[in-house]
1. Note down all Cβ pairs under 8 Å where the first residue falls in region 206-218 and is under 16 Å from A165 (Cβ atoms), the second is among the acidic types (D, E) and in a loop (DSSP other than H, G, I, E, B), and they're at least six residues apart or on different chains.
2. State yes or no: is I63 in contact with a helix residue (DSSP H, G or I) (Cβ under 8 Å, 6 or more places away or on another chain), within 30 Å of R289 (Cα to Cα) and aliphatic (A, V, I, L, M)?
3. On the basis of being under 30 Å from R260 (Cα atoms) and away from the ligand (no atom under 14 Å from the Cβ), does P220 make the cut?
4. Among the residues of region 79-101, which ones are part of a helix (DSSP H, G or I), within 15 Å of the ligand (Cβ to nearest atom) and in contact with a helix residue (DSSP H, G or I) (Cβ under 7 Å, 6 or more places away or on another chain)?
5. How about region 57-68: which of its residues are surrounded by fewer than 16 Cβ atoms within 10 Å (Cβ to Cβ) and either within 16 Å of the ligand (Cβ to nearest atom) or within 21 Å of the chain's Cα centre (by Cα) (or both)?
6. Six or more apart or on different chains, Cβ atoms under 6 Å: show the pairs whose first residue is in region 86-105 and within 14 Å of H332 (Cα to Cα) and whose second is in a loop (DSSP other than H, G, I, E, B) and more than 13 Å from the ligand (Cβ to nearest atom).
7. Pick from region 353-365 the residues that are in a helix (DSSP H, G or I) and either in contact with a His (Cβ under 6 Å, 6 or more places away or on another chain) or touching a residue at least 12 places away in the same chain (Cβ under 8 Å) (or both): which of them is surrounded by the fewest Cβ atoms within 10 Å (Cβ to Cβ)?
8. Quick test for you: out of L350, L381, L334, pick the one residue that is within 29 Å of I96 (Cα to Cα), in a helix (DSSP H, G or I) and at pLDDT 90 or above.
Amino acid sequence: MIYMDHSATSPVDPEVLEAMEPYFTDSFGNASTLYSLGREARTAMESARKQVASIIGATPDEIIFTSGGTESDNIAIKGTVFKLKKKGNHIITSAIEHPAVDETCKYLEKNGFQVTYLPVGEDGIVSVSDLKDAITDKTVLITVMHANNEIGTIQPIKEIGEVAAEKNIYFHTDAVQSVGKIPVDVKELKVDMLSISAHKLYGPKGIGALYIRKGIRLEPIIHGGGHERGIRPGTENVAGAVGLGKACEIAERYLEKNSRSLTSIRDRLINGVLSEIEESHLNGHPTIRLPNNAHFRFTGIEGESLVLHLDFKGIAASTGSACSSKKLEPSHVLMALGMDEVQAHGSLRLTLGKENTAEEVDYVIESVKGAVGTLRSLSPLWCQTEE
Ligand SMILES: *Cc1c(COP(=O)(O)O)cnc(C)c1O
């Protein structure tokens, strides 16, 4: 199988699995206990915390472990607005956030908060001047994702961070797709909170982290035994934390090398598809995008059929995002780019990983070309556009 759906999830790196293994067996202790078995687990958690902090330029005491990207987003957003509800009730986000942010904002809207969803251009990028215009004296939080999970577009986080800092508004970014793929430095980006998920960077599912800048106080949304500074209580997932830490360490070590080789095979894929297949288009910004993301649309094609054809050829790909592929509604991200429903349904996302090769890319280009040809020969939509 050729796996090209790394934005949905990634395989666990063998080195990560090896690092985790002892914490399921010999070193199974509860990290909050006092005897040596517990202290061993605590030591492992704390060195994992250092590894996570290191990849984003934070200090270990600014990192809390969570159950993943979704939980980190919820804790950051609800934790901020509940804490600051006396100050204001306005949140600014973008129209293309992951559901973990988008649905959290919609929930808050139903509960007395006001949300501005910043539009994006055809290239999938928010405008900093739109952001400035949206700020009111009731704005307590800006949450804009670093890199988009569908189209890979990278947002001007540093510029947004500067605006937020100047106006004294908390700024959270969902960096689940960017950490490990492009350089992320919380100081440089001027973010107050940042979400990470392990399974998008060769770590295990069900563990993530939230960076909370020193001095920021959040209202806990989960209550319990006071673990993770009371922000995320619950017996620590020691093996998971160790896995996330190891995944971050490996990603940081090879960041430049992996980013360079991913960009090169991504561009081979993009150029190959666009030149080999007529009426094919690249969605999102041509260059301000993740090094591993290629997102196309093909006139007269239905993305779901294309994905099934590719599956038959041993290729794992996705229509838009893993989350929306089970629904029939068009992706809110593609609609925000100004596409109509038919265009949005004709999309294909290929997200590369460090194990993909140029030969695989060539096979994928040929396979997509073949599948698009077959589907078009059957499609009434395509006949109409040809006439
Ligand atoms: C995958 C993803 C999430 C959710 O992370 P989980 O660990 O699966 O909960 C959040 N945001 C983005 C941008 C993602 O790609």
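The values are calculated or read from the model by the stated rules, or taken from the named source; none is laboratory data. Keep in mind that this is a model prediction, so the values were computed, not measured. Positions of Cβ are generated from backbone atoms using ideal geometry, with glycine treated the same way; all protein chains shown enter the neighbour counts.
1. Matching pairs, first to second residue: I212/D192; R213/D192; I216/D192.
2. On the way: in contact with a helix residue (DSSP H, G or I) (Cβ under 8 Å, 6 or more places away or on another chain): yes; within 30 Å of R289 (Cα to Cα): yes; aliphatic (A, V, I, L, M): yes.
So I63 fits the description; yes.
3. Working: under 30 Å from R260 (Cα atoms): no; away from the ligand (no atom under 14 Å from the Cβ): yes.
Considered against the rule, which asks whether it is under 30 Å from R260 (Cα atoms) and away from the ligand (no atom under 14 Å from the Cβ), P220 comes out as no.
4. Answer for region 79-101, where residues must be part of a helix (DSSP H, G or I), within 15 Å of the ligand (Cβ to nearest atom) and in contact with a helix residue (DSSP H, G or I) (Cβ under 7 Å, 6 or more places away or on another chain): A100, V101.
5. The one that is surrounded by fewer than 16 Cβ atoms within 10 Å (Cβ to Cβ) and either within 16 Å of the ligand (Cβ to nearest atom) or within 21 Å of the chain's Cα centre (by Cα) (or both): G57.
6. Hits for this filter: A95/P119.
7. Start the filter on region 353-365 by keeping residues that are in a helix (DSSP H, G or I), which leaves 358-365.
Cutting the leftovers down to either in contact with a His (Cβ under 6 Å, 6 or more places away or on another chain) or touching a residue at least 12 places away in the same chain (Cβ under 8 Å) (or both) gives us 358, 360-365.
Values: A358: 12, E360: 17, V361: 24, D362: 14, Y363: 15, V364: 25, I365: 21.
Checking each candidate, the answer is A358.
8. On the way: L350 fails: in a helix (DSSP H, G or I); L381 fails: at pLDDT 90 or above.
Criteria check complete, one pass: L334.
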